[in-house]
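Chemist: My questions will all concern the structure given below.
The values are calculated or read from the model by the stated rules, or taken from the named source; none is laboratory data. Just so it is clear, the model here is predicted, and its values are computed rather than measured. Ideal geometry is used to build each Cβ from the backbone, glycine not excepted, and the neighbour counts take in all protein chains shown. With ligands, DNA and RNA removed, areas are computed over all heavy atoms of the protein, side chains included. Shrake-Rupley method; radii C 1.70, N 1.55, O 1.52, S 1.80 Å.
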There are 2 protein chains.
Amino acid sequence: MRLHDYWRSSASWRVRIALNLKDLAFEQVTVDLLAGGQHAPAYKELNPQGLVPLLEDGADRLGQSLAIIEYLEERYPQPPLLPRDPALRGRVRSLALHIACDIHPLNNTRVLRHLREAMGIDKEGVQRWYAHWIAEGLASLEAALQASAGRYCVGDTVSLADVCLVPQVGNARRYRCELGPYPTIRRIDEALAALPAFERARPERQPDAGPAAGVPG
Amino acid sequence: MRLHDYWRSSASWRVRIALNLKDLAFEQVTVDLLAGGQHAPAYKELNPQGLVPLLEDGADRLGQSLAIIEYLEERYPQPPLLPRDPALRGRVRSLALHIACDIHPLNNTRVLRHLREAMGIDKEGVQRWYAHWIAEGLASLEAALQASAGRYCVGDTVSLADVCLVPQVGNARRYRCELGPYPTIRRIDEALAALPAFERARPERQPDAGPAAGVPG
């Protein structure tokens, strides 16, 4: 299996966690987002969307982190990242999509770059934008977790929701967002950080990791 | 079954299509997004995220349109909205998430309102923002569809990808975005529009539909 990814991409980070949890070996191919590797013709041929991650599994090629993880779940079901019960599966997916659709897309690199370069928003304005969506998203996520959280996001079993939570919290920390108001999120994030599958997926542990730079301007 | 929705919400629109395709009867409860109904304490109690749609199915409550549709798919499998083969299922989900994670979240009402009200971007600036993400998103979607499209997004069977496509194209039309460069998307959208399940889900056909206003300022 081959994963086209980038150390700092949170969507790639999610897939690395899932692959590790399922104990699947994978080769990593770096797509350097800062150097524009995602727009290179050879990569666009593999993934017309021009985003990471992309998974190659034999002849199958798949983009979009959550589609990749659902695919892994179906093809390599052990250990499961979704519970058996349809209502609980729905709860896990709902939390995962809360992050993947309503927090992350507003704050990823291409959006921050557009604010800066195409709209002329200054560094402080971009930081305010980032912090606004983190605060709104994590506050409602904290509220949603009250109905489901155990040791992890849904009960005491690691799930797709946890796979999405850790990279999002990691990003929020990198942008120095205030995490004080979200004690449940912080507690779950801490419990997950101790698991080897999560630890090995961290950006700074990847072969293409650059210097531990702070907030990009 | 009860769907808390709003006529103009594209995420609600997706769920209406899926319910219609599966021929499931549902009661609609309007959450008036323009009047702030999503922030009302009684609604936040049902859905702490404060977004629509929300599905109630017996004792189960579920937010996030794609989580709702996956739940419907598991609990009411006929007719299926996902193919059987894992790689094809992945392709369908990848196209759906392309829309749900990388196009729609940048252009929904709360984001446009934030640009206008919190950041002071003028009407033309907001329209440029909208058109930029539509153009980038639909261009890469058009490219991705070349590998999968038949009569519909993936082959000749209606799927979750189609359920997401129609509301996104409807939104792009409402904001008067240029659709000329995306012939495959236009062709599929037209084929889908002719199906009764899609026709009945259209915003203007909903009980809470307001006047057919143009682009909101």
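Chemist: Can you tell me the Rg and the Dmax, both Å, for the Cα atoms in chain A?
Modeler: Here Rg and the maximum Cα pair distance are 16.9, 48 Å.
Chemist: Count charges around B:E178 for me, please; just the other residues with Cβ under 14 Å from its Cβ, Lys/Arg as +1, Asp/Glu as -1.
Modeler: Numbers: positive: B:R128, B:R173, B:R174, B:R176, B:R186; negative: B:E136, B:E142.
Net local charge, B:E178 excluded: +3.
Chemist: Hey, another quick one. What average number of partner chain Cβ atoms lie no more than 10 Å from the Cβ of the residues making up A:80-86?
Modeler: 2
Chemist: Accessible surface of A:T157 in the full protein assembly, 1.4 angstrom probe, to the nearest 10 Å²?
Modeler: Here the residue's solvent-accessible area equals roughly 90 Å².
Chemist: Taking the alpha-carbon centroid of each part, what is the distance from segment A:144-165 to segment A:170-202 in angstrom?
Modeler: Rounded to whole Å, the Cα centres lie 13 Å apart.
Chemist: A further question follows. Report the one residue of A:W7, A:A144, A:L55 whose Cα lies farthest in the direction of the positive end of the charge dipole of chain A (charges on C-beta: Lys and Arg +1, Asp and Glu -1; origin at the Cα centre).
Modeler: Working it through, the farthest residue towards the positive pole turns out to be A:A144.
Chemist: Next question. Quick one: divide the alpha-carbon radius of gyration of segment A:86-200 by 2.2 N^0.38 Å and tell me what you get.
Modeler: So segment A:86-200 has a normalised radius of gyration of 1.10.
Chemist: Can I ask one more? Please report the base-10 log of the normalised intensity I(q)/I(0) for segment B:2-79, using a Debye sum with one equal scatterer per alpha carbon and no solvent, at each q in 0.17 (1/Å).
Modeler: The Debye formula, applied to the Cα set alone, gives -0.59.
Chemist: Which whole number in µm²/s is D for segment A:140-217 by Stokes-Einstein, with the Kirkwood Rh taken over Cα pairs at 20 °C and 1.002 mPa s?
Modeler: In µm²/s, the coefficient rounds to 159.
Chemist: Where in chain A is the longest stretch that carries no trypsin sites (Lys or Arg not before Pro) classed as loop by DSSP and with at most 12 other Cβ atoms within 10 Å?
Modeler: The longest uninterrupted stretch comes out as A:85-175.
Chemist: Quick one: label points 7 angstrom along Cα→Cβ at A:L179, distances to the other copies in nm, smallest first?
Modeler: Distances between equivalent label points, in nm: 4.4.
Chemist: Between copies, how far does the label point of A:D208 sit from its twins, in nm, shortest first, when each point is 7 Å from Cα along Cα→Cβ?
Modeler: Output for A:D208: 4.4 nm, nearest copy listed first.
Chemist: Run through the other copies and list how far each one's label point is from that of B:H132, in nm with one decimal, shortest first; the point sits 7 Å from Cα along Cα-Cβ.
Modeler: Here the equivalent label points are 1.4 nm apart from this one.
Chemist: Please name which of B:I134, B:L115, B:Y175 has its Cα lying farthest along the dipole of segment B:115-217 towards the positive end, using unit charges on Cβ (Lys, Arg +1; Asp, Glu -1) and the Cα centre as origin.
Modeler: Checking the options against the dipole of segment B:115-217, the answer is B:Y175.
Chemist: Now, a different point. Under the definition of partner shielding as Cβ atoms of other protein chains within 10 Å of a residue Cβ, what is the mean value for peptide A:48-56?
Modeler: The mean count of partner-chain Cβ atoms within 10 Å per residue comes to 4.
Chemist: Give the chain B residue with the shortest beta-carbon distance to the rotation axis relating chain B to chain A, plus that distance as a whole number of Å.
Modeler: Closest to the rotation axis on chain B: B:P105, 2.
Chemist: Provide the convex hull volume over Cα atoms per residue for the protein assembly as shown, in Å³. Mind showing how you got there, number by number?
Modeler: Working: hull volume 58.9 nm³, N = 434.
So the per-residue Cα hull volume is 136 Å³.
Chemist: Here's something else I'd like to know. Output wanted: per-residue J couplings in Hz (rounded whole) for segment A:49-56, from phi through Karplus 6.51 cos²θ - 1.76 cosθ + 1.60, θ = phi - 60°, x for Gly and Pro.
Modeler: 6, x, 10, 9, x, 9, 9, 10
Chemist: Now for a different question. Local charge sum around B:L62 (other residues, Cβ-Cβ under 14 Å, Lys/Arg +1, Asp/Glu -1)?
Modeler: Surrounding charge for B:L62 is -1.
Chemist: Under a crude label model (7 Å from the Cα following the beta-carbon direction), how far is A:A147 from A:A131 in nanometres?
Modeler: Going from the A:A147 label point to the A:A131 one covers 3.1 nm.
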